[in-house]
Amino acid sequence: MTMFLRTYTPGPPLGEYIDRFWLVSDTPAHPRERILPSGTVELVINLSDDEIRIYDPKHPDRPRRYPGAVVSGPYRDFFLIDPLQHASMIGVHFRPGRAVPVLGVPANELADAHVDLEALWGRTASELRERLRTIATPAKRFAMLEEVLLKRLYRAPPRHGAIPVALDAFEQRDAAEKVRDLAQRVGLSQRRFIQLFTAEVGLTPKLYGRVRRFQRARELVRNATEPDWAAVAVVCGFFDQSHLIRDFGEFSGLSPVAYVNQRSKDVLLNHMPWVG
């Protein structure tokens, strides 16, 4: 079965904080999906059932159950979801380090966790979900979601200017700058820089840099049938191929070769079929 997927990129000023909205439906053939760490925050709303199930890879048959609207914080490891819930889901993929002004809570409080949106927004969360359920078309759902998030954005305080400089540095192909050097470049002590970065991004600078390097490697081999892993390691800033293999194992639970063999285009970004 082909997945139905629609995406929408909001315009300014919300587009500075949100990479895209997405709407998905149709159940894939595989019973579980692996969600890989990306260093970002996601807001997810189940428009069908008022429940979202998250699984630990060590216990893929024992779910943690959440209400139908949750925030998925930046994870350091992969986790599993139940794609049977994809009958109708809508989500918001935030840009790195940009979720705080919209969600209203420091990102480090969301790290390695799924949080009931109602715990952050009160009754607004359940009202948002019910309103989205009554709208028929993707375009109108995106428009309503954009309106709600835009109202919340105007309440947000400004962020520290060091964060965009650091985030940009971590996106460079040769991102090998040490945390202490980055702190010096933005005029902060290393300790203060780490505190600010972790509060706004949700991960420490060092861990975030590793996650983004892993993501660059994934992007580089996205359409390759037989990647030259030694070359990928060099281009993406790994010490060597063994270093790349270790990080792939830590962040995806797979070797690089197994990752390529299990890729699927019929899933959302950062999702993979789970082969248990």
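The values are calculated or read from the model by the stated rules, or taken from the named source; none is laboratory data. As the structure is a computational prediction, the values presented were derived from the model and not from experiment. Here Cβ is always computed from backbone atoms with ideal geometry, including for glycine, and neighbour counts include all displayed protein chains.
General remarks:
- Filter pass, THR198 being in the same structural domain as GLY39 (by TED's automatic domain parsing), in contact with a helix residue (DSSP H, G or I) (Cβ under 9 Å, 6 or more places away or on another chain) and of a type in the set (Ser, Thr, Tyr): no
- Criterion (closer than 27 Å to PRO37 by Cα, in contact with a helix residue (DSSP H, G or I) (Cβ under 9 Å, 6 or more places away or on another chain) and in contact (Cβ under 8 Å) with a residue 12 or more places away in the chain) met by exactly one of LEU153, LEU132: LEU153
- For segment 240-265, a residue qualifies if it is modelled with pLDDT of 90 or more and not in a helix (DSSP H, G or I), and the qualifying residues are ASP240, GLY253, LEU254, SER255.
- Every residue from segment 197-227 that is among the hydrophobic types (A, V, I, L, M, F, W, C) and either under 18 Å from PHE94 (Cα atoms) or not in a helix (DSSP H, G or I) (or both): PHE197, ALA199, VAL201, LEU203, VAL211, VAL221, ALA224
- Restricting segment 229-276 to residues that are free of Cβ contacts under 8 Å to residues at least 60 places away in the same chain and aromatic (Phe, Trp, Tyr), the residue that is nearest to PRO37 (Cα to Cα) is PHE248.
- Test: residue in segment 217-231 that is surrounded by fewer than 16 Cβ atoms within 10 Å (Cβ to Cβ) and either closer than 19 Å to ASP56 by Cα or in contact with a Gly (Cβ under 6 Å, 6 or more places away or on another chain) (or both): no
- Candidate set: segment 255-268, residues that are surrounded by 19 or more Cβ atoms within 10 Å (Cβ to Cβ) and touching a Phe, Trp or Tyr at 6+ places or on another chain (Cβ under 8 Å); chosen: the one nearest to LYS206 (Cα to Cα): PRO256
- Residue ID - farthest from ARG6 (Cα to Cα), chosen from residues in segment 82-93 that are of a type in the set (A, V, I, L, M, F, W, C) and buried (at least 22 other Cβ atoms within 10 Å of the Cβ): VAL92
- ARG212 being buried (at least 18 other Cβ atoms within 10 Å of the Cβ) and not aliphatic (A, V, I, L, M): yes
- Test: residue in segment 36-54 that is on the phi > 0 side of the Ramachandran plot and either in contact with a strand residue (DSSP E or B) (Cβ under 6 Å, 6 or more places away or on another chain) or of a type in the set (Phe, Trp, Tyr) (or both): no
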